[in-house]
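**Student:** Starting off with a structure, shown below.
Each value in this text was obtained by applying a stated rule to the coordinates, not by laboratory testing. Treat the numbers as computed from the prediction; the structure is a model and nothing was measured. Don't worry about glycine lacking a Cβ; one is built from the backbone with ideal geometry, like all the others, and counts go over all protein chains shown.
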Amino acid sequence: MLSIEHLPVLVVVISMLSSLTILVAGWRNKKSCCFIAFATILIQFIMSLFILQHVTTEGPIIYWLGGWSPPWGIEYVVDALNAYVLVLLLFLALVCVTYSKRNIEHELPHQIVSFYALFQLLITGLCGITLTGDIFNMYVFIEITSLSAYALIASRGKIALKASFTYLVLGAIGACFFLLGIGFLYAITGTLNMHDLSLILPSYYENRAVQAAFVFFTVGLSIKMALFPLHVWLPDAHSFAPSEISALLSGIIIEVSTYAFIRICFSVYTVDFITRYVPIFDFICWLSAIGIIVGSILAIAQYNLKRMLAYSSVSQMGYIMLAVGLSTSTHSPLWGGLNPALMHIVNHALMKGCLFLIAGAFIYKAELWDIADLKGLARKMPYTCFGFTLAAISMIGVPPSVGFVSKVYIIFASLDAASAGHPAYIVFVAVLLFSTLLNLVYFWRVVETLYMKGEDIHSQSVKRDELPLSMLIPVLILAALCIIVGIFWLIEMPLPVFDQINALFGLGEYATS
């Protein structure tokens, strides 16, 4: 019988083997590629649920590759944090691969085999980043993810080459910063295992090389997660990528980079290092607050729907990183620690995944890229436009949507931090409220165009032309979850897995100081 301890490595291995299988099978029958990818990701998702259940009830899973014990061997370590992220990324991947069949046959009919092979490599990299307990192994999987993403963006042809090249250049710079940080730590400690690093580093916290390594990690991952002002690669990449990849880029890839940042901060380094030696979280909070406003303002200025959503992602990353920055200053069992950040990572994946897939649906049906071209489309595509509306009101923060709960929790976290010794943080409340108004401006413009504009909007003779079910069902699932999960957050918070994550890092009510 297969032991649960083997599942973390199997999640990565079967994904990598699936990529090779898709290449081989695609020579004979390219229509099989989507089904192989779907079956693989479904199996991975089921495995991730077993992993999460085991971790939350029995404790962390540790797997030594090849039987080599750390620090010499590569170790996979699954705790509450990465089990939680793994379930999320595989769920969104499953939704996107379901949606992709008809869309890729329409957009990239001659690149089906290469698309799904790269898609599966992308999932391999994301799973590897999430599961590894070795910092150099994390870098390797970051590169696998990035290279796959560059190629998938470029698959749209000439229109996407510049976007892919910009992403490649900036992604390479980010990877170099990350690798420099690894080199500095290895020179000081002689180990690459994250747990070993966490034990050795405290005696070197005042060492300039160790502090410089932390700065390198922060800058490198800030580029990968498109944190303002290092976001310049994101708008073009999200705008021109196939819609499934746009949904993954915005909904999970930049969030996995956020996970890597959290892992470096709290597992390799510690709360003590962040608060006493390199207090960078205060700077991150203010930078994120600026990014929230700037991203929203730039979104208002866009005419292209996918580009508007891309700039909205810059703003949303501001929400997540603001919540991460507040994590060491808040102690409430509800909105303390990483709770708001972990919530918004899920919420953003649902909302933005849904919106990008619907933007792709408009392109699939009638090559509609610009907002002005969507006039009266709600009459032709009522279910799709209804899904867009649900996701849009979630982004705005209308209760009881997921976006509403996230904003309320981040507002309370800001108030908590302001009362605990950071009075200037009260400004973040105003930023969050103002950003809600900005979100209303640019999302209402789209909703108004869909429902209230167009010469034939009141005509009963408009012929419906909805999406195929294989594309419509994933969209409606994400749209429904934008409301269902919001209600769930209101009823069930805090989740036991959140308590375990905060206890693991000594955050929130579990803080020792």
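**Student:** Quick check: net charge around ASP236, other residues with Cβ under 9 Å of its Cβ, Lys/Arg +1 and Asp/Glu -1?
**Tutor:** It works out to a net charge of +2.
**Student:** Net charge near LEU338, counting Lys/Arg +1 and Asp/Glu -1 over other residues with Cβ under 15 Å of its Cβ?
**Tutor:** -4
**Student:** Another question, if that's okay. I need to check one value: relative contact order of the chain, counting alpha carbon pairs closer than 8 Å and at least 6 residues apart, in percent.
**Tutor:** Worked out over the chain, it gives 14 percent.
**Student:** A further question on this structure: Where Lys and Arg each count +1 and Asp and Glu each count -1, what net charge lies around THR328 among other residues with Cβ under 14 Å from its Cβ?
**Tutor:** Here the charged neighbours net out to -3.
**Student:** At a 10 Å Cβ-Cβ cut-off, how would you order TRP68, TRP27, TRP286, fewest neighbours first?
**Tutor:** Arranged by neighbour count, lowest to highest, TRP68, TRP27, TRP286 become TRP27, TRP68, TRP286.
**Student:** Where in the chain are the DSSP H helices whose alpha-carbon span along the long axis reaches 27 Å or more and whose Kyte-Doolittle mean is at least 1.0?
**Tutor:** Numbers: long enough: 7-28 (31 Å, 1.92); 32-58 (38 Å, 1.57); 80-107 (40 Å, 1.03); 112-131 (28 Å, 1.94); 135-154 (29 Å, 1.54); 158-189 (46 Å, 1.67); 281-300 (28 Å, 2.18); 305-326 (32 Å, 0.90); 339-366 (41 Å, 1.03); 427-452 (36 Å, 1.65); 469-492 (32 Å, 2.57).
Span-like helices, by this rule, are 7-28, 32-58, 80-107, 112-131, 135-154, 158-189, 281-300, 339-366, 427-452, 469-492.
**Student:** Work out how far the C-alpha atoms of the range 42-114 reach from end to end along every principal axis, then list the three figures in whole Å, largest first.
**Tutor:** Extents along the principal axes: 48, 29, 17 Å.
**Student:** Now, a different point. Would you please give the FRET efficiency between LYS31 and VAL140, computed as 1/(1 + (r/R0)^6) with r the Cβ-Cβ distance and R0 = 41 Å, to the nearest 0.05?
**Tutor:** Efficiency at R0 = 41 Å is approximately 0.80.
**Student:** Grab the beta carbon distance between LYS158 and ALA366, set R0 = 25 Å, and tell me the FRET efficiency rounded to 0.05.
**Tutor:** 0.70
**Student:** Grab every C-alpha pair in the range 370-493, bin the distances at 10 angstrom width from 0 up to the longest one, and report whole percents.
**Tutor:** 13, 32, 30, 16, 8, 2, 0
**Student:** For the range 214-316, what is the convex hull volume of the alpha-carbon atoms per residue, in Å³?
**Tutor:** Details: hull volume 8.3 nm³, N = 103.
So the per-residue hull volume is 80 Å³.
**Student:** More than 18 angstrom separation, counting every C-alpha pair in the range 166-272; what % is that? Before the final figure, lay out the partial values.
**Tutor:** Details: 2854 of 5671 pairs.
Above the 18 Å cut-off, the range 166-272 has 50 percent of its Cα pairs.
**Student:** For ILE188, ILE426, which order do you get if you count the other beta carbons within 10 Å of each Cβ and list the fewest first?
**Tutor:** ILE426, ILE188
**Student:** Something else now. Could you give the spread of the C-alpha atoms of the range 112-203 along their three principal axes, from largest to smallest, in whole angstroms?
**Tutor:** 52, 23, 14
**Student:** Can you give the relative contact order of the range 63-207 as a percent, counting alpha carbon pairs under 8 Å and 6+ residues apart? Let's see the in-between values first.
**Tutor:** Values: 133 pairs, mean separation 33.7, N = 145.
Relative CO of the range 63-207 lands at 23 percent.
**Student:** In the range 206-238, whose amide N lies under 18 Å from the spot 7 Å out along Cα-to-Cβ of ARG276? List them in ranges.
**Tutor:** Flagged as within label range: 206-212, 214.
**Student:** Also, I was wondering about something else. Would you compute, for the Cα atoms of the range 259-300, the largest minus smallest coordinate along each principal axis and list the three values in descending order, in whole Å?
**Tutor:** If we take the Cα atoms of the range 259-300, the spans are 39, 20, 8 Å.
**Student:** Please give the FRET efficiency for TYR204 paired with PHE50, using the beta carbon to beta carbon distance and R0 = 30 Å, rounded to the nearest 0.05.
**Tutor:** After rounding, the FRET efficiency stands at 0.20.
**Student:** Testing the spin-label approximation: label points 7 Å from Cα along Cα→Cβ at VAL232 and VAL24. State their distance in nm.
**Tutor:** According to this spin-label approximation, the distance is 4.5 nm.
**Student:** Over all alpha-carbon pairs of the range 321-369, lay out the pair-distance distribution in 10 Å bins, whole %, shortest bin first.
**Tutor:** 25, 30, 19, 16, 9, 0
**Student:** Between ILE297 and VAL427, what length comes free when the chain is fully extended (0.36 nm per residue of separation minus the Cα-Cα distance, one decimal in nm)?
**Tutor:** Once the chain is fully extended between ILE297 and VAL427, it gains 45.0 nm.
**Student:** Could I ask something else about it? Based on the alpha-carbon set only, what is the convex hull volume of the range 315-447 divided per residue, in Å³?
**Tutor:** 93
**Student:** Counting only Cα, what are the radius of gyration and maximum Cα-Cα distance Dmax of the chain, in Å?
**Tutor:** My reading of the Cα-based Rg and Dmax gives 22.0, 75 Å.
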